[in-house]
Amino acid sequence: MSKPADWTVGVDIGGTFTDIVLAGPEGALFVHKTLSTPDDYGRGIATGVRAVLEGQGIAASAVRRVVHATTVATNTVLEKKGAKTALITTQGFRDVLEMRRLRIPEMYTLKYQRPEPLVPRRLRLEVTERLGPRGEVRVPLDEATVTTAAERINAAGVGAVAISLIHAYANPDHEHRVAEILRETLDGEVYITCSSDILPVIREYERTSTTVINAYLGPALRHYFESVMGHLRAIDVDAPIQIMKSDGGVMTLEAASDRPSYIVESGPAAGVIGAARTAADVNSITLDMGGTTAKASIVEGGEVARTADYEVGAGINLSSKLIMGGGYALKLPVIDISEIGAGGGSLVSIDAGGLVHVGPESAGAHPGPVAYGQGGEQVTFTDAVLNLGYLNPDHLVGGGLKLDTDAARAALMEQVAKTLKKEALDAAWGVFQVACGTMVRAVKAVSTYRGRDPRDFALFAFGGNGPVVATAIAELLEMTHVIVPPNPGVYSAYGLLLSGIEHEVTRGHLVRLAETTPADLGARFGELEEELAQLMADEGYGVGAFDAEWRADTRYAGQAHELTVPVPRTSDGAPDFDGLQKAFGDEHERTYGHQAEAEEVECVTLRVNGRVAAEFTPDKIAVADGGPPGSRAAYFGPAGQVDARVVSRAALVEPVAGPLIVEEYDATCVVPPGWQASLDDAGNIHLRVM
Amino acid sequence: MASYGNTDPITMEVVKNALSSIADEMALVIMRTAYSSIVRDSMDYSTGVCDRHGRVVAHGMTMALHLGSFPDAMTQLVSQYEGDILEGDIFVFNDPYTAGGMHLPDVYIVKPIFEAGELEGYAATLVHQIDMGGIAPGSTATFATEIFQEGLRIPVIKLYEQGRPNDTFFKIMSLNSRVPDKLLGDMRAQVAACNSAAQAYAKLVAKHGSETFRRLIDDLHDYAEHVAREEIRRLPDGTWSFTDYLDGLGDDPEPLPLKATVTIDGDNMLVDWTGSAPQVPAGINCPSPFVVSTVQMMLKCVAKQEIPNFDGFSRPIEIILPEGTLVNPTPPAAVAARAIIGWRAVDVLQGVFAQIVPDDVPAAGEGGVTFPAISGWDQGRRFVVSETLCGSWGALPERDGVFGIPNPGGNLTNQPIEMIEALYPIEIQRYGMLENSGGPGKFRGAPGIVRSYRMLNDETLVVLRSDRKHHLPWALGGGAPGTPCLHIVNPGPGQRLLPPMPSDPVKFGVDEVFLHVGAGGGGYGDPLERDPAMVLEDVREEQLTAAYVKAVYGVVIDGEGRVDAAATAAKREELRGGNGHAYLDFALGALGIDDFLVKDGIVHYD
């Protein structure tokens, strides 16, 4: 638990804004939004942190922990601003990176353009060596070929090198020797990543791609972290700095410098972690709707769902392998978040057949919706909901952003209502419904697509627009409970405070259970546990400070895709094969609706995970008063236009029935007729069907 | 705007999305639970949702060329079982002549969906099963002469009757496959997908009420028709033809023409396949659904907006498929390797549409997947692994052909090398591009793909179906055709060049090598007009050599790796008189093939 003078800072960097949350004793919580400084992000962070500390009269030395999430890694890939990178592969396989898995994310196209590989062919160099699938050496490493490659790399002046050899997941020796030779030959600043260190699992394209991404990000992120650290130290914040990983754990800044590929989805992960800790006792589906996309994820028993089927730079990730191929495969654990192109700035269009679409094209922050008055001409989702009366034109970002309702209505009439032969309000309602229908797909991608019934879950809504659409989406899926946490508009920064230290080490090991023994498998887990202990020691946690959980990616022998299940252990500490078989069968049944008890089960990858819980607990959050109460006309489809009360969150101490609009500094929560809003001790709004 | 009955366009959009999300969910269930590599990694399967009449209302995002696979099959099922379709039934079939199937490995599993006791729709799946018995492992041999040799024919029958499995039939299936565990595993995946879709679809019907829902579906068919008509109307009126050729069968192949004539008349489109070769006594005859798919796919490819998958979109399209030809065979014609016709039909249509909308259609690509089925024995167990090899497109008027991409007809993936080596006694020695390959042009075709297999066990068989060894991927706008597709046994001195579709399985011993070289895409425009800077970039990328670009593009690169402008101008002037087929000399020479002759655009090998 925190001591009285201890303060924790969460910093979430997005493209436009840097969100800062400062948490201290007795639920004290201060929120600050400041413009990001893309030329040197560390400066903006330090300025913001100092502003919030000085504003509250808190000494920099009272900050005991800084937790940070950032989109810098993602943007480095999207904007192709990573290091000039070379790749070393096994003879015969330099084009694996470029050919990928072939599949593209579109079905009917003759003009598709692939993303350029992160390493051009001239820097993809082959060395002579060959391993077999059990790690056996078929052709020894010819070191002369490594030396030749090193000379070419030197001449090209690269900033990073990725090393990915065929079957290196089963035997890292050749890769490590190549790295050793390179270190002897190259400038010490060159960043080197081995596939057997970053992702020792089978499937050469995915492993190579992941290794390349890590190398590509390495130099830029190392520089970025140095800047963040330097600026914070300069304002006398001496606390340890932790970085949120894509899987929701945090790692030290130093560890993140070695493994930047682990933090690519750090921002979205923070929000989901916040949900998992805030509503640990309910199963929930998170819905994070911002300006351009809506993201959904699932939390069961306080645990987030993770996946390794992920691509960076692919644009929108529907969490569906059916539309993979648009980005760069990054096969590291990320929180399984599905994303759909529907946000506040999503553009409204009508197709040749007369149907309405919302997104995926977006007006972004500039020019933004018509109502922003910054030159946006095409109707957006925000223009529609403004017309429905859900948003206060004078109170967005605490009044920092004024909206022009008339302009939005005129555009809506002209572009949508006329064509549909509808009244403006009905047209706006139609746009709202289509957007919600689209977002439902994101929610289904993490629930029904995985055999989960959304009715068994609460919808946990955040992001600037999440609480606007939450009840409508809940209704479409027959969900009856919605939770809106405090500070929903800066919720990712808040989620950072709730994250614990978490590490996972993995090892590819393809073996049928019938062909191995508990002792052998246990020994392999033991080795992984030692590796984990080392990582934890680097973070300052000794054995005993964390629990090591054994898990395995398993499948029926011959299947292509694996399910990750915990590995139960017998009293002597060895893996319990019967229990593992049962755990896998149950998970298969749960996910796909059937199991095949007669089939052999095989392991593909072994995992050991360790976690140290966060020291900050969200028991009591002081709820700030909002603006003055009032009322305005809001339109709810079949229920028509009604007078809805406008209140602040604090006013919900007694349950209040909709229609109701809860206005806050950073978000608006819409409560339609038929729903009731109440507040819990931690300041969460609960919406329930009456 | 268009009007469809009284249905609200908002509700239509929402229901349309809900239906396609059901089909996608089915596709995911199959992908994650299937056993055979062709399903799980190559994704050679399809899912669909149909209305109560069996008309398609959604199609999962997998194979474009399966698009037309459900209508005929559903027509057969509905007409044969009308009045006897009961809750809990699940149907299975594969026969092209009695069940609307395509070839025997494509096993359909279809579940009727009931809500409140009423038949409201169907969940339909089609999976390319790895082995259904027959004359050769993989059940896709080209060398059967009648369908009776190709494996187990299944008419439309009930796999489950009111929820009870038909154990007799499961036993028959199991006994007729070389790899029954994979067959049954994949069928389980299909059933699981149908069950999950049935639940979601029934809910959707219940939500809107049967009457409203049915009207909504009718309106969505009309909507799809309207969008398709708008897209056809956008095309110029007129009639265009194109003929392409398959290399042919056996050790001494004779070319087989495929011809399509497309007429656009207002918002109607007529595609006439008259002029295509008569059916042949080999397993490449193509039942009509697959050819219909190519037409529908091509319209979707050139459309400016997404044409929804409601069956209504096919109403403005008329297709003439003369009976007894490669594109509409009569029984007992063999059909196992029929996809080769589908791939070539895509090229034929591409050739037609390149005349109709020249900016939107590339030159011919590699010609569809090459399909080797590799089989043998490993530690006493039979193994069969089928590969779908593809990845090179032709050039567009403003852009080079894309490399490392599935054929437009099938959004397939490659199989991980490490996974193949972990599961089968095969070592893959190389996978990548063939340097100095592809069709030259102002914009060049993509290079060919190389994949080389070393067999680790004796008595390994390869059943091969390929094409484009003799008839090269055609070019556009004055570019050069692509480079040929070749299969070589034991490359090096004494190597053996295989015909595109050998009449028998090819046998390999320990350490023997099977080398696949895919065709390179056709070029666009005169190679001598290619920007020398782009040529230089190809050399720097080590995709083309300096000697090659000098001989083919007339670009001279000096000792410091820069373009020598004066020498280039002179060389280009010299080459305007023609350079024969210098680009083929390079591509084939590197493979040890020096004796070949190009006559009338066809490559002959000595």
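The values are calculated or read from the model by the stated rules, or taken from the named source; none is laboratory data. Keep in mind it's a predicted model, so treat the numbers as computed, not measured. Using ideal geometry, Cβ is built from the backbone for each residue, glycine included, and neighbour counts are taken over all protein chains shown.
Couple of notes before you dig in:
- Scanning the stretch B:272-321 for residues that are in a helix (DSSP H, G or I) and out of contact with any strand residue (DSSP E or B) (no Cβ under 8 Å at 6 or more places or on another chain) gives B:P289, B:F290, B:S293, B:T294, B:M297, B:M298, B:K300, B:C301, B:V302, B:G312, B:F313, B:S314.
- So B:P180, is it more than 13 Å from chain A (Cβ to nearest Cβ) and not hydrophobic (A, V, I, L, M, F, W, C): no
- When each of B:T212, B:T168, B:T243 is tested for being more than 14 Å from chain A (Cβ to nearest Cβ) and either in contact (Cβ under 8 Å) with a residue 24 or more places away in the chain or in contact with a Leu (Cβ under 6 Å, 6 or more places away or on another chain) (or both), the lone residue that passes is B:T243.
- The strands (runs of 3 or more DSSP E) falling completely within the stretch A:60-139 include none with 3 or more residues that are facing chain B (nearest Cβ under 9 Å) and under 30 Å from A:A234 (Cα atoms).
- Of all residues in the stretch A:4-21 being free of Cβ contacts under 8 Å to residues at least 40 places away in the same chain and either touching a Lys or Arg at 6+ places or on another chain (Cβ under 9 Å) or crowded, with 20+ Cβ neighbours inside 10 Å (or both), the one that is nearest to A:G368 (Cα to Cα): A:F17
- Among the residues examined, B:I356 does not qualify as aliphatic (A, V, I, L, M) and touching a Ser or Thr at 6+ places or on another chain (Cβ under 7 Å).
- Matching entry among A:R551, A:R611 (being at pLDDT below 85 and part of a strand (DSSP E or B)): A:R611
- Verdict on A:A474 being part of a helix (DSSP H, G or I) and either within 30 Å of B:M26 (Cα to Cα) or touching a residue at least 40 places away in the same chain (Cβ under 8 Å) (or both): yes
- All positions within the stretch B:254-271 that are of a type in the set (D, E) and under 17 Å from B:Q355 (Cα atoms): B:D265
- Just one residue in the set B:D237, B:D267 is free of Cβ contacts under 8 Å to residues at least 60 places away in the same chain, surrounded by fewer than 23 Cβ atoms within 10 Å (Cβ to Cβ) and away from chain A (no Cβ under 14 Å); that residue is B:D237.
- Against the list (1) within 26 Å of A:D666 (Cβ to Cβ); (2) touching a Leu at 6+ places or on another chain (Cβ under 7 Å); (3) within 14 Å of chain B (Cβ to nearest Cβ), the condition A:A427 fails is (1).
- Hits in the stretch B:506-516 (condition: surrounded by fewer than 20 Cβ atoms within 10 Å (Cβ to Cβ) and closer than 15 Å to B:S466 by Cβ): B:V506
- Any hit, the stretch B:109-122, residues being of a type in the set (G, A, S), surrounded by fewer than 23 Cβ atoms within 10 Å (Cβ to Cβ), touching a residue at least 40 places away in the same chain (Cβ under 8 Å) and touching a Leu at 6+ places or on another chain (Cβ under 6 Å): no
Condition check ((1) touching a residue at least 60 places away in the same chain (Cβ under 8 Å); (2) basic (K, R); (3) surrounded by 13 or more Cβ atoms within 10 Å (Cβ to Cβ)) across all residues:
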{"residue": "B:G518", "(1), (2), (3)": "yes, no, yes"}
{"residue": "B:G522", "(1), (2), (3)": "yes, no, yes"}
{"residue": "B:D526", "(1), (2), (3)": "yes, no, yes"}
{"residue": "B:Y553", "(1), (2), (3)": "yes, no, yes"}
{"residue": "B:V556", "(1), (2), (3)": "no, no, yes"}
{"residue": "B:R562", "(1), (2), (3)": "no, yes, no"}
{"residue": "B:E573", "(1), (2), (3)": "no, no, no"}
{"residue": "B:G577", "(1), (2), (3)": "no, no, no"}
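- Of everything in the stretch B:392-422 that is assigned to a loop (DSSP other than H, G, I, E, B) and polar (S, T, N, Q), the residue that is surrounded by the fewest Cβ atoms within 10 Å (Cβ to Cβ) is B:T413.
- Under the condition of being surrounded by fewer than 21 Cβ atoms within 10 Å (Cβ to Cβ) and free of Cβ contacts under 8 Å to residues at least 60 places away in the same chain, the residues counted in the stretch A:647-678 number 12.
- Evaluation of A:G291 against the conditions (1) under 27 Å from A:G344 (Cβ atoms); (2) in a helix (DSSP H, G or I) shows that the sole unmet condition is (2).
- Qualifying residue in the stretch B:342-359 (condition: part of a loop (DSSP other than H, G, I, E, B) and more than 9 Å from every other protein chain (Cβ to nearest Cβ)): yes
- Of the residues contained in the stretch A:402-418, one or more are found to be within 12 Å of chain B (Cβ to nearest Cβ), of a type outside the set (D, E) and in contact with a strand residue (DSSP E or B) (Cβ under 8 Å, 6 or more places away or on another chain).
- Verdict on B:P180 being free of Cβ contacts under 8 Å to residues at least 60 places away in the same chain, under 12 Å from B:I90 (Cα atoms) and in the same structural domain as B:G117 (by TED's automatic domain parsing): no
- Scanning the stretch A:347-368 for residues that are closer than 20 Å to A:G437 by Cβ, away from chain B (no Cβ under 14 Å) and not hydrophobic (A, V, I, L, M, F, W, C) turns up just one, A:S362.
- Taking the criterion of being under 30 Å from B:K203 (Cβ atoms), surrounded by 21 or more Cβ atoms within 10 Å (Cβ to Cβ) and not β-branched (V, I, T), the residues of the stretch A:409-428 that qualify are A:A427, A:A428.
- Meets criteria (part of a loop (DSSP other than H, G, I, E, B) and either among the β-branched types (V, I, T) or in contact with a Gly (Cβ under 9 Å, 6 or more places away or on another chain) (or both)) for A:V178: no
- Residue that is surrounded by the most Cβ atoms within 10 Å (Cβ to Cβ), among those in the stretch A:67-115 that are more than 17 Å from A:V161 (Cα to Cα), in contact with a helix residue (DSSP H, G or I) (Cβ under 6 Å, 6 or more places away or on another chain) and of a type in the set (G, A, S): A:A69
- Answer residue from the stretch B:164-193, given it is within 21 Å of B:D378 (Cα to Cα) and part of a helix (DSSP H, G or I) and is farthest from the chain's Cα centre (by Cα) among those: B:L175
- Annotation: of all residues in the stretch A:479-515 being modelled with pLDDT of 90 or more and part of a loop (DSSP other than H, G, I, E, B), the one that is nearest to A:F30 (Cα to Cα) is A:P485.
- None of B:P532, B:P499 is closer than 25 Å to B:I449 by Cβ and crowded, with 19+ Cβ neighbours inside 10 Å except B:P499.
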